[in-house]
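Report on the following structure.
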Amino acid sequence: MSVFALCFQFIETMTSSLQQIMASTGNGLDYDKEQELKTFDDTKAGVKGLVDSGIQSVPKFFVASSEETCNEKSDLRHTHFNVPIIDLRDIDKVGARCEIVKEIGIASSTWGFFQVVNHDIPQDIADEVIESIQRFNEQPNHVKEKFYSRDKMKKVRFNSNFDLYKARFANWRDTLSCLMAPNPPPPEEYPEACREILLKFSKYVTKLGQDLFKLLSEALGLNSNHLTNMGCADGHVFYCHYYPACPEPNLTLGHTKHRDPDFLTILLQNQIGGLQVLHDNHWVNIPPVEGALVVNVGELLQVISNDKFKAAEHQVLANCAGPRLSVACFFTTHFEPSEKLFSPIEELLSDDSPPLYRGTTVKAYIDFFASAGLPAYSSLTRLRL
Ligand code: OGA
Ligand code: NI
């Protein structure tokens, strides 16, 4: 079949699916959410497919309760709240390193989030990563849909809303996830649009992750290699998000509030903005900063640090501008069938600081996280002693 015929067939299918989905934005009668979700999922075209079809309103299954979107905790008067920006330039100079370790320790225990600059990942690599994810999402659907799947075992997978059928409302977002280490798939299994650059970026991010785990170990008063020796840097997965422009951004979210179920996340974002962290009961913007990467503590690091470091709740607002693009690198090994238990680090325990969590395998942790839709009952609470 020619590309034109394929495109035509796609537009026809999308139009009829869209008519069904549009009908659901009406009066709410005859609304069968399950069926609407399935119709949307079957297009394999994600939120971007809806937008391309000219949708002018947000289908009902994306609509969140006003509590979940009104962002009432945002208070612009609190401009003194700024997520720390940490300069890694002199990481190898003894005096400066001491200062960096101190800053990272404070940021990880109070915010759970910080941004890093002068981190050794070249700007052109970061730019190319973002461009390649845009390219992947903006190619014809017949190329992209080959990757569309909800099979959790797939090392490369594209879909819209990993929790589509469980979440209270769907998010205005499509995601390509790629396992990069350990045991990556053969390179040809990654989409051609981003294959080479993701493999290159993965090498840089591995090094930055190792450096950050060293700094975090030192901030906990441990030997530099403690967290890497535990296996925190042994694996990583890229979640490449595409947040299309949204016609009614106040009705939904790009990403429901959550904590990350990994050890650490390094996030690259383009210039649109919308990421927020809950700090001191206020939603605080994490603005795009030229050359910076966002770093945040995951729940598993909160467990092993016995609450010395905090995994903070964060969310992404929907936006009438777009697309917003981000690549979240999750340091985790949940694809591995390991029985290794992660529990609070012995050296951090004392009579005054007893263990707060029971141990968990990485896989059991993520399985519990994935079994609920967002916003989830915290998996941390379940492990609490
Ligand atoms: C995530 C996440 C935020 C973003 O992938 O867990 O929080 O800015 N992403 O895309
Ligand atoms: Ni997250």
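Using Cα atoms only, what is the angle between the long axis of helix 195-219 and the major principal axis of the chain, expressed in degrees (0 to 90) to the nearest 10?
30 degrees
Sorted by packing (mean other beta-carbon atoms within 10 Å per residue), highest first, where do 248-254, 31-37, 90-96 land?
Most protected by this proxy first, the peptides run 248-254, 31-37, 90-96.
Simple spin-label model, 7 Å along Cα-to-Cβ: SER57 to TYR165 in nm?
Rounded to a tenth, the inter-label distance reads 2.8 nm.
Which ³J(HN,Hα) values, rounded to whole Hz and listed in residue order, are derived for segment 308-317 from phi using the Karplus coefficients 6.51, -1.76 and 1.60 in 6.51 cos²θ - 1.76 cosθ + 1.60 with θ = phi - 60°, glycine and proline given as x?
Ordered by residue, 3J(HN,Hα) equals 5, 10, 10, 8, 8, 6, 9, 8, 10, 6 Hz.
Applying the Karplus parametrisation 6.51 cos²θ - 1.76 cosθ + 1.60 with θ = phi - 60° to the phi angles of segment 380-385, what ³J(HN,Hα) value in whole Hz is obtained for each residue in order, glycine and proline being reported as x?
Result, rounded to whole Hz: 4, 4, 5, 8, 5, 7.
Where nothing but the Cβ of Lys and Arg (+1) and of Asp and Glu (-1) is charged, how large is the charge dipole of segment 86-372 around its Cα centre, in debye to the nearest 20?
Result for segment 86-372 is approximately 680 debye, rounded to the nearest 20.
Between ASN229 and SER353, how many nm apart are label points set 7 Å from Cα along the C-beta direction?
Each label point is offset 7 Å from its Cα along the Cβ direction, giving 1.7 nm.
For ASP87, what residues show an amide H to amide H distance below 5 Å, using hydrogens built from the backbone and excluding near sequence neighbours?
Amide H neighbours of ASP87: VAL117.
Given the rule -39500 (n - 2.57) for each run of at least 4 DSSP H residues, summed and divided by the residues of the chain, what is its mean residue ellipticity at 222 nm, to the nearest 500 deg cm²/dmol?
-10000 deg cm²/dmol
I need the semi-axes of the equivalent ellipsoid of the chain: take the C-alpha gyration tensor, multiply each eigenvalue by 5, square-root it, list largest first in whole angstrom.
36, 23, 20
From Cα pairs below 8 angstrom and at least 6 apart in sequence, can you work out the relative contact order of the chain, rounded to a whole percent?
19 percent
If one takes the longest principal axis of the Cα atoms in the chain, at what angle in degrees, from 0 to 90 and to the nearest 10, does the Cα axis of helix 3-23 lie?
90 degrees
From the convex hull of the Cα coordinates of segment 202-306, what is the mean projected area in square nanometres?
For segment 202-306, averaging the hull's shadow over all directions gives 8.0 nm².
So what's the angle, to the nearest 10 degrees on a 0 to 90 scale, between helix 362-371 and the longest Cα principal axis of the chain?
40 degrees
Coordinate-derived values only; no laboratory data. In this text the structure is predicted, and so the values were computed from the model without any measurement. Using ideal geometry, Cβ is built from the backbone for each residue, glycine included, and neighbour counts are taken over all protein chains shown.
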